[in-house]
Every structure is written in C-alpha cells, then in structure tokens.
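The values are calculated or read from the model by the stated rules, or taken from the named source; none is laboratory data. Worth saying up front: this structure is predicted, and the values here are computed from it rather than measured. Cβ: placed from backbone, ideal geometry, glycine included. Neighbour counts: every protein chain shown. Each accessible area value is taken on the protein alone, full model and side chains, heavy atoms only, with ligands, DNA and RNA left out. Shrake-Rupley method; radii C 1.70, N 1.55, O 1.52, S 1.80 Å.
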Amino acid sequence: MFDRNKAIMALEQKRAKFQAYRARQEAQQLQLEEWLERFAHFDYATMCAALAEVSNQWPGALPTPEWDRADRLCIPFAQQWRDHRAARGWALDVLLNRPVAAVDGSQIAPTKDIWPPVGAVQIGWFVNEHRTGGSYRKELLFEILAPDELSEDEDDDVVAEGSFPNQFVNQMRFVRECEKICELMAEYATAPERERPLCFFDGSFIISFAGRMLPRHADPYVRAVQQLLECSQLYRTPVVAFVDRSASRDIVTLMETLNQRSNTIVPHDARLIERCVTKWGDRSPFFVCARADGLSEQGRAPFYQDVVFAYIKLTNDLPPARIELPRWVLDAGRAEEIVDLVRAECVVGGGYPYAIETADAVAVISQQDRQRFYALYQQFVAQEGGALQQTRKALSKQGRR
C-alpha cells in the first residue's frame, strides 16, 4: 500500500539535502569544464609524455593515436539523415551480409523460502546473418545448480542450512555467457574476415566488482574475460562490450592524474563526454583502459590494457553509451568499421543494439516462468522420494500476487 501524502511529506523533509546535492554537482561541473579545456589542449605525444612523468601504471585510461583525430574529445559522425527511414536504409546497407551475434543470460537464484535449494541459469543467443531474405537463429541453454553446487564454504566444507548465496548462480551465468560467445566465434573461424560475426557482450570486460571478492570467487570471472579476449584475437572476430548507462570514471581519473588531484570530481565519464558529443553517432576517441581497482592493483588483471573503450551518442535524451573492444581491433585499423556496425544495430534497435535486445528476450525468465519451474522442481523432488518445503511467507505471496 502506497500513501501519496506520506511520500510527499517524506520528500519535503529531505528537500534541503537534495538542494545541497544539486549545488555540489553544479560546482563540480564547473571544475570539470575547466579541466576539460586544459585536457583538450594536449596532443597524443604530450599526453603520453606527461603520463610518463607521473609514473602511474593505472591512471584510469591511456590515450591512443585516435586522440589527435578528436576535437575537444569528439570524433564526429559524418552521416546525417532527414528522417528515421533514411537512417534505417543506411543501417541495413551497413549490416547487409555482416553477421551479428549476441548472448545474454537470466537466472533463478536460490531462496531461503524453498528447500532443498536450487538455482538455474538460462543463456540465450541470437545470430543474424543479415542476408537477403532473412537468416537468423535463436537458441537457449538451461542449466541447473544442485544444492551442493550452491554451498558457501568460506571456512570449511560444511553447508549451514539456510545459507544460499547467489554468487554461484551469478558466476555461472557470467562464465556461460563468455563461453557461448567463444563457441560462436569458433563456429565462424574458417569464414572470410567480413563473414565472421560482430559479437555483442552485454556488460563490461572491466570486472572491478570481482576485485571485492575472495580470489577463488573472482578467478572464474577473470579467466572468463581473459579467454573471451584471447578467442577474439585468435579467431580475428570482433567482440563489443556494450554498457548502456555507464558509471565508469576512467577518463575523469585520467584528468585527475594529469592535474595531480584525486577523488575531487564526482561526475562520471558519460557526463563528461556528453558535453562534447552533441550529434547522434558522434563519439569520443578510443582510450586504453588502465583502471586502478582491486584486481589491477594486485596484478590480477593485466588484460585491462588489452581493452580499449569509447563513448558514443546513440540517443538524443540520454548520456552516451560506453563501448569496449579488444585492443587488437583498434591496432588492426578496424575500429571505425566496427563502430559503424554498432551504430547500425542501434538504429534498428531504436537506440540500443537490436541483437542484444533480441538475445535478452530469448534469455529472460519471467515470473510466470519461475512459477512453472518451481512446479516442475516440486515434481522432480517428489520423484526422488522427497518433499519440497516452502515457507509460509512464500505460500502467502503466491496466494496474493
């Protein structure tokens, strides 16, 4: 039950805090603008020299030679259209006979409301050949995690009843998504270069969250990303990590490093680049990722500097999206070709890559799907001579929703 009047009163009580937050944001935006003007006067050589003097292996980001192509952090997109129909025509021309693939996942996390515990991961993938007449496929992988695969063993091998961490389900989903992309790359290994798919990964290759985990929990994430980047280079098949709403601060950290200041600017990269890329399709130059986090500072993420990233404007009303590529794609001179494929996918998808959107629709597990799964699970447990136990709270929710 929602009481509108109480919500209004609660907001009014915090009005001063919201006003103070806005004032801080405005002050920091002015600071950011000042730094941006100074930042834009570097060329590639002088920035590299300035970073060499700082002697910081992880300054947030490193410039690439693309820097000298940019005007105030913007590499403009030359195409302009009268209407969406013309844009779509351009996109379909770019995508014609260029395979695009995407993988996404969904999961059923274990819950204390159901015993014995169970988890599940569903991976969906979509491959569109973009051939005349249409040629695409959608497929699924569904995998169960049994009770002993969900156990938390921080201190010993004894599983405390009622302890059902989600991390094993999250981990399996991530690993399986990376593995599936590698499998798709291998399928096209003997095809001519232009007939190998552009593969989309929904998320970032820069897995800072894993640096906050114990090494044995973080290592599967590290291995999965390393393998994905290695497969991309081995099969010469580009893969794009796409982050629609990024909160990363790698470029801002680079600016702080060059100004010998730290943690003084709160706004993230997307808000910075938003000031510079004003037209649809405009992008920043690519940077090499050199983020200092719990993995890189311990020497456990050397692959970070095998990743380049840029920000690109794909909608009129949202900050630019972050895209990441294996560094070999930039070194091979294919970055602009791949960025055009990303733009084209986003024209078809209405601001978001159509392939990722479709893979998500294939992989998603709805609330109704979850109830169907638990009904099957109940039958399975009964066949094994057991009984599914549900808490009164869970049964009450099912009755009310």
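Test Asp306 against the criterion of being within 21 Å of Ser248 (Cα to Cα) and either out of contact with any Gly (no Cβ under 8 Å at 6 or more places or on another chain) or among the β-branched types (Val, Ile, Thr) (or both), and give yes or no. Break it down stepwise before answering.
Numbers: within 21 Å of Ser248 (Cα to Cα): yes; either out of contact with any Gly (no Cβ under 8 Å at 6 or more places or on another chain) or among the β-branched types (Val, Ile, Thr) (or both): yes.
It is true that Asp306 is within 21 Å of Ser248 (Cα to Cα) and either out of contact with any Gly (no Cβ under 8 Å at 6 or more places or on another chain) or among the β-branched types (Val, Ile, Thr) (or both).
To keep it simple, each residue is scored yes or no on (1) in contact (Cβ under 8 Å) with a residue 60 or more places away in the chain; (2) within 24 Å of the chain's Cα centre (by Cα); (3) open to solvent by 70 Å² or more (accessible area, probe 1.4 Å).
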site: Pro63; (1), (2), (3): yes, yes, no
site: Asp83; (1), (2), (3): no, no, yes
site: Ala109; (1), (2), (3): yes, yes, no
site: Lys112; (1), (2), (3): yes, no, yes
site: Val121; (1), (2), (3): no, yes, no
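Regarding Arg98, is this residue part of a loop (DSSP other than H, G, I, E, B) and either under 29 Å from Ala310 (Cα atoms) or modelled with pLDDT of 95 or more (or both)? Judged against the criteria, Arg98 is a match. The requirement of being touching a strand residue (DSSP E or B) at 6+ places or on another chain (Cβ under 7 Å) and open to solvent by less than 100 Å² (accessible area, probe 1.4 Å) is not satisfied by Leu73. Could you list, in sequence order, all residues of region 291-349 that are β-branched (Val, Ile, Thr) and either assigned to a helix (DSSP H, G or I) or modelled with pLDDT of 95 or more (or both)? Correct list: Val307, Val308, Ile312, Ile323, Val329, Ile338, Val339, Val342, Val347, Val348.
Per-residue answers, yes or no, for (1) farther than 24 Å from Ala120 by Cα; (2) open to solvent by less than 50 Å² (accessible area, probe 1.4 Å); (3) more than 18 Å from the chain's Cα centre (by Cα):
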residue	(1), (2), (3)
Asn316	yes, no, yes
Glu336	yes, no, yes
Val339	yes, yes, no
Pro353	yes, yes, no
Ala363	no, yes, no
Gln368	no, no, yes
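Could you give every pair whose Cβ atoms fall below 6 Å, whose first residue belongs to region 330-345 and is of a type in the set (S, T, N, Q), and whose second residue is assigned to a helix (DSSP H, G or I) and open to solvent by 10 Å² or more (accessible area, probe 1.4 Å), counting only separations of at least 6 or pairs across chains? Correct list of pairs: empty, since none qualify. Summed over region 229-267, the residues that are touching a Ser or Thr at 6+ places or on another chain (Cβ under 6 Å) and either under 13 Å from Ala310 (Cα atoms) or modelled with pLDDT under 90 (or both) give a count of 3.
Look through Phe286, Phe303, Phe242 and report the one residue that is of a type in the set (Phe, Trp, Tyr) and either surrounded by fewer than 19 Cβ atoms within 10 Å (Cβ to Cβ) or within 19 Å of Phe42 (Cα to Cα) (or both).
After applying the criteria, what remains is Phe286.
Filtering region 175-226 to residues that are among the β-branched types (Val, Ile, Thr) and assigned to a loop (DSSP other than H, G, I, E, B) leaves Thr190, Ile206, Ile207. The set of residues in region 12-40 that are within 31 Å of the chain's Cα centre (by Cα) and not in a helix (DSSP H, G or I) contains only Ala40.
Condition check for Gln298 on (1) open to solvent by 40 Å² or more (accessible area, probe 1.4 Å); (2) touching a residue at least 40 places away in the same chain (Cβ under 8 Å); (3) of a type outside the set (Gly, Ala, Ser); (4) in contact with an Asp or Glu (Cβ under 9 Å, 6 or more places away or on another chain): one failure, at (4). Residues in region 1-22 that are hydrophobic (A, V, I, L, M, F, W, C) and open to solvent by 100 Å² or more (accessible area, probe 1.4 Å): Met1, Phe2, Met9, Leu11, Phe18. Only residues that are within 23 Å of Leu141 (Cβ to Cβ) and either acidic (Asp, Glu) or surrounded by 22 or more Cβ atoms within 10 Å (Cβ to Cβ) (or both) were counted in region 185-195, giving 2. Of the numbered criteria (1) in a helix (DSSP H, G or I); (2) open to solvent by 60 Å² or more (accessible area, probe 1.4 Å), the one Arg261 fails is (1). Checking each residue in region 383-401 for being closer than 19 Å to Pro110 by Cβ and either at pLDDT 85 or above or open to solvent by less than 60 Å² (accessible area, probe 1.4 Å) (or both) picks out Gly386, Leu388, Gln390, Thr391, Ala394. What residue, of Thr253, Thr278, is touching a residue at least 12 places away in the same chain (Cβ under 8 Å), assigned to a loop (DSSP other than H, G, I, E, B) and open to solvent by 10 Å² or more (accessible area, probe 1.4 Å)? Unique residue meeting the criteria: Thr278.
Criterion first (among the small types (Gly, Ala, Ser), open to solvent by less than 10 Å² (accessible area, probe 1.4 Å) and touching a Ser or Thr at 6+ places or on another chain (Cβ under 8 Å)) does Ala270 satisfy it? Considered against the rule, which asks whether it is among the small types (Gly, Ala, Ser), open to solvent by less than 10 Å² (accessible area, probe 1.4 Å) and touching a Ser or Thr at 6+ places or on another chain (Cβ under 8 Å), Ala270 comes out as yes.
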